[in-house]
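One structure is given here, and the rest of the page talks about it.
None of the figures in this text is laboratory data; all of them are computed from the coordinates on show. Keep in mind the model is a prediction, meaning the values are calculated, not measured. Note: ideal-geometry Cβ built from the backbone for every residue, glycine included; neighbour counts use all protein chains shown.
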Amino acid sequence: MNNFNDEILAKMIENRPKMPKRVMITSGMPYGNKSLHCGHVGGLFIHADVFARFMRDRIGRENVLFVSGTDCYGSPIMESFRKLKESSSFQGTIEDYITFNHNLQETTLKNFEVDLDFYGASGLEPAKEVHFETSKNVFETLKKNNVLTKLNSLQFYDEQAKTFLNGRQVVGKCPFENCKSEKAYADGCDLGHQYMPKELINPISTLTGNTPILKEIGNWYFNLEDNKDLLIEWVDYLEKNTVTRPYVTKEIKEFLKTPEIYIKKEYDDKFNLIKDKLPSFYLKFDDKSSRTIYFESLKDRELACDILTENKIRYRTGKTLVPFRLTGNIPWGVPVPNEKELTFWVWPESLWAPISFTKTYLKLHQRKFNNWKDWWCSKDCSIYQFIGEDNIYFYGPAQHAIWFNLQKGKPTITVKDGDLQISTLVSNKHLLFLNQKASSSSQIKPPMADELLHYYTAEQLRSHFLGLNLGNNSASFMPKKFNPNALPNEVDVVVKEGNLLTNVYNKILRTLFYTWQKYFNGKVPYGQVQDEIAKNCVKTILKYEKLMMQTKFHMVIYELDSFIRGIHKYWLANSDTDNLEKLKQTIVDCLYMSKIAMVLLHPIAPKSIEKLAEFLTLDKSVFNWDKIDAPVYDFVESKGEFTPKFLEPKQDFFKKHPSQLVENQNKD
């Protein structure tokens, strides 16, 4: 970057974030029983895509890999398919059903300009066989490393239907203290809490409506609770060495607590009668209404739960590490090696599905780094996994404990080159729709993602979702077109925030084109940008870069808003058409600032920005960050005064949705 005599700028340059040589990016996988709703796209995929596009510009496309895909297995998909077949609403096999939904998902992501290198499907070719093989390798390595246990655990059984029930065929109330889940299933609720089946409160079979019984069945478990000390060390590493959001590490620490049980004060008399029968415990009086009992081990807590249940004492359990189930007995799943009736539970096999997708992609495409280990097991590669906050438990302690235990020798967080590396978890809070959680299981159904494109452009929505600050807070998505309570004269927040592109930046660009077309025969005058302008641009570049690397996307939008509005103010203050020399300098300065804005906006509004670069006749290398503060003349053939394409009157680089134009005409 240019060497400016500025103490603040020098300090900013000195403290620039260190860039990785390569970056692996994943985004949480939607189930194969649905198309994408606004929460999938606005709460996850757009953020991952913007980061991937930024990294491609920043370190080179060949050094970035962005993969995700459809989660094809598990009880939610099997149950949805069963209901559709029973009602004759779908003809075909379960593979046909998943293929249909996978294609819809892929099309939706393209419509939102999400540019994945590979969007696969764990149960469909070309990834299916690779995923089977990867699952087999993971299982056999864990088994070889003596960290798996086959246990006769309890599973719900419907006596009327004469069948074991899979996870989604049982609904009840989550046993975790203060859990606000709307749906709790056999061994986990929709907010990501994991528990043993016998802890579920008021279980009901969705097949018959009856209360199911618990029967023993053999399954393989990963000994997650044995990794507590290792995971404590890992969380400390995350806090000191990564940009992991504070609420993520706080949530993980909740699972690393001592096993607890909460009992209301009203049961004190009953509790005092049986407390001597309990394993060793420590009792804490939290407040006037409840008691917390701490146990030395999960085994002790489970025994205490049995004793409390026998004596009709109601209790709730606290978060802690429980054995992580790897297998189940539903037929629609990835087969477990050497186990005739067992398949992998969907959650563990979905953790390594991105590795399967990476392997599949590299088989189909020749890349500079063509071994999957270059992306997952190399210290030269940083891994960013974009997830929803409900999935912190799985991608956090569960995944990383498994990763550590795939190492040769004693597991350690000091990961060697060649072993699976530690990921940076970029977790977003809930995207709310009209102040309700945007989930297909919510009472208020959010609009499907493609429905939004009937009223808004992809770029308007991308900008809006990035600005919602989901990295820190749950935020409500309130599109006027989908809000039945919106007033006729109420401002549409999606359109309003999109105005930075469609109004402000668009106006600057059009004015520049029309000015050189009118006063300079269609040529961009050559000149040196003023030092103060260049210096402020570099400051903006450095702030933007730091915010992107911290995944503070709402602050990126704020910084761009301030910068672009500053260009507009500068033009209004200096565009004197009676003084052509001053006008020439103003064009040089504003075009330089607009070119910087163009590069910074490229990850957010890629299609329109690339159209702008084409109209300016700029080489594609303009998006290369190695030249980010170079003048615009460095990217044209003449290396000096040049002639962009002619811009017709009323032509826009950033367009509003056609429905918005019709609406404005009707108002006029």
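Here are the numbers for the structure shown:
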item: For F100, F112, F285, order by how many other beta-carbon atoms lie within 10 Å, fewest first; result: F285, F100, F112
item: Cut-off under 5 Å, modelled amide H: who pairs with L432 long-range; result: A438, A475, S476, F477
item: Total formal charge among the other residues, if their Cβ is under 15 angstrom from that of K363, Lys/Arg +1 and Asp/Glu -1; result: -1
item: Residue-averaged 222 nm ellipticity for the chain, from DSSP H runs of 4+ at -39500 (n - 2.57), nearest 500; result: -12000 deg cm²/dmol
item: Positive-end residue, the chain charge dipole about Cα centroid, Cβ charges, pick of Y31, I383, F369; result: I383
item: Net charge, F642 excluded, C-beta distance under 13 Å - Lys, Arg +1, Asp, Glu -1; result: 0
item: Integer Hz, Karplus 6.51/-1.76/1.60 couplings in order for the range 475-490, x for Gly and Pro; result: 10, 8, 8, 10, x, 4, 5, 10, 9, x, 9, 5, 7, x, 8, 5
item: For the chain, the fraction of alpha-carbon pairs in successive 10 Å shells from zero, as %; result: 3, 14, 23, 23, 17, 11, 6, 3, 1, 0
item: ³J(HN,Hα), Karplus 6.51/-1.76/1.60, whole Hz, each residue of the range 447-462, x for Gly, Pro; result: x, 5, 4, 5, 4, 4, 6, 6, 10, 9, 7, 4, 5, 4, 5, 4
item: Cα-based Rg / Dmax (Å) for the range 493-667; result: 16.0, 47
item: Dipole magnitude of the range 372-458, debye to nearest 20 (Cβ charges: Lys/Arg +1, Asp/Glu -1, about Cα centre); result: 300
item: FRET efficiency estimate (nearest 0.05) - Cβ-Cβ, L487 to D300, R0 41 angstrom; result: 0.10
item: Cβ-placed point charges (K, R +1; D, E -1), dipole of the range 493-667 about Cα centre in debye, nearest 20; result: 480
item: Square roots of 5 times each gyration tensor eigenvalue, C-alpha, the range 250-356, largest first, Å; result: 36, 17, 11
item: In Hz, Karplus ³J(HN,Hα) per residue of the range 77-94 (6.51, -1.76, 1.60; θ = phi - 60°; x = Gly, Pro); result: 6, 4, 5, 4, 5, 4, 5, 5, 5, 4, 8, 6, 8, 9, 10, x, 8, 5
item: With 5 Å bins from 0: P(r) over the range 164-306, alpha-carbon pairs, percent; result: 2, 8, 14, 16, 18, 18, 13, 8, 3, 1, 0
item: Neighbour-count order for D390, D187, D634, D276, fewest beta carbons within 10 angstrom listed first; result: D276, D634, D390, D187
item: Burial ordering of M19, M593, M548, fewest other beta-carbon atoms within 10 Å first; result: M19, M548, M593
item: 5 angstrom amide H check on I213, placed H, neighbours 5+ away; result: Y157, E159
item: Those Cys residues of the chain for which no other cysteine Cβ falls under 4.7 Å; result: C38, C72, C305, C377, C381, C537, C590
item: Dipole moment magnitude, nearest 20 debye, the chain about Cα centre, only Lys, Arg, Asp, Glu C-beta charged; result: 220
item: The chain: angle of helix 228-241 to the longest principal axis, Cα-based, in degrees nearest 10; result: 10
item: Long-range amide H partners of T70 with built H, under 5 Å; result: G120, A121, S122
